[in-house]
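Right, one structure below, let's go through it.
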């Protein structure tokens, strides 16, 4: 039985990784913040070392507060770059494959089409800079590492756009949502499934590595995505708010959002034979799970 170590335990991706490995031929250890605090690189590396060797490590832990990072840039860098670099180096020294999750925020969002792995990076936020530094740190560690850039992740767990829309939209007549930012919503269950495929391949000796995009197959805008969320919620609510499309300029945030977050995942599909399904395939089921759990 292959041994898998998951860094993170209660977040969107970590929750799905743990759920999907049950009964699937993995011996799994998941380390949460109490067992591996990414704000303390040395302690986190020591905690990881206690659980090695393993056949693969997936790092699903991260600092994800995009706006908060503007005032906590040093902490974001420690959690998203310094600590992953230390962990990747430790895995490299033990010959353990290391999968690290990154983000569309490493790009500036100005490209007219989907981003490829070879496109120039130009993060516009403290969060994006910390994640790009993390990519460099992991790859510079010199081991068998895979960077999985993803975007617009949603699930029935943690905090995400779907849960926010359901919270804000309940009982309201209308909701103003940005319509000039486009991306590929990625269901956390699909992202987890794909990363486990990669982990199994790398544990089995696959030489695949480097940077890959792993995002949902279909694109949309935030406003259109919200509209679909409310379509699925209507049978539960009996009514729904109208979505009023607005521009990014009408909804200022401390950290600028990329206008284009679309990621082309064809390289990952070519390497591993799969990619996350489009958001329409799983959105209804996830909305239902959220609404049932909140009753």
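Calculated mean residue ellipticity at 222 nm for the chain: -11500 deg cm²/dmol, from DSSP H runs with n ≥ 4 weighted as -39500 (n - 2.57), summed, divided by the residue count and rounded to 500. Overall dimensions of the stretch 213-252, expressed as equivalent-ellipsoid semi-axes from the Cα gyration tensor (√(5λ), whole Å, largest first), are 22, 18, 6.
Taking only the C-alpha atoms of the stretch 186-238, the Rg (one decimal) and the largest Cα-Cα distance, Dmax (whole number), read 16.7, 52 Å. Is the stretch 15-149 rounded, prolate or oblate when judged by the Cα gyration tensor, a ≥ b ≥ c being the square roots of its eigenvalues, rounded requiring a/c under 1.5 and prolate requiring a/b larger than b/c? Prolate, since a/c reaches 1.5 and a/b exceeds b/c. For the stretch 41-86, the ratio of Cα radius of gyration to the globular rule of thumb 2.2 N^0.38 Å stands at 1.31. Against the main long axis of the alpha-carbon atoms of the chain, helix 12-21 sits at an angle near 60°.
Against the main long axis of the alpha-carbon atoms of the chain, helix 188-203 sits at an angle near 20°.
If you average 1/r over all unlike Cα pairs in the stretch 124-237 and invert the result, what Kirkwood radius do you get in angstrom? One over the average 1/r among Cα pairs gives 16.5 Å for the stretch 124-237. Each residue in 280, 117, 16, 219 was given a count of other beta-carbon atoms within 10 angstrom of its own, and listing them fewest first yields 280, 117, 219, 16. Can you bin the stretch 217-279 into rounded, prolate or oblate? Criterion: square roots of the alpha carbon gyration tensor eigenvalues sorted a ≥ b ≥ c, rounded for a/c under 1.5, prolate for a/b above b/c, oblate for the rest. Judged from the Cα gyration tensor, the stretch 217-279 comes out oblate (a/c at least 1.5, b/c at or above a/b). Counting only Cα atoms, the stretch 37-115 measures 43, 30, 15 Å along its principal axes, largest extent leading. Sorting 99, 79 from the fewest to the most surrounding beta carbons within 10 angstrom yields 79, 99. Rg/Rh for the stretch 76-193: what does it come to with C-alpha atoms and Rh from Kirkwood? Radius of gyration over Kirkwood radius for the stretch 76-193 works out to 1.04. Two numbers describe the Cα atoms of the chain: Rg and Dmax, which are 18.7, 57 Å. Separation of the stretch 44-93 from the stretch 133-158 is 10 Å, based on Cα centroids.
Rule-based calculations on the coordinates, nothing more; no lab input. In this text the structure is predicted, and so the values were computed from the model without any measurement. Cβ: placed from backbone, ideal geometry, glycine included. Neighbour counts: every protein chain shown.
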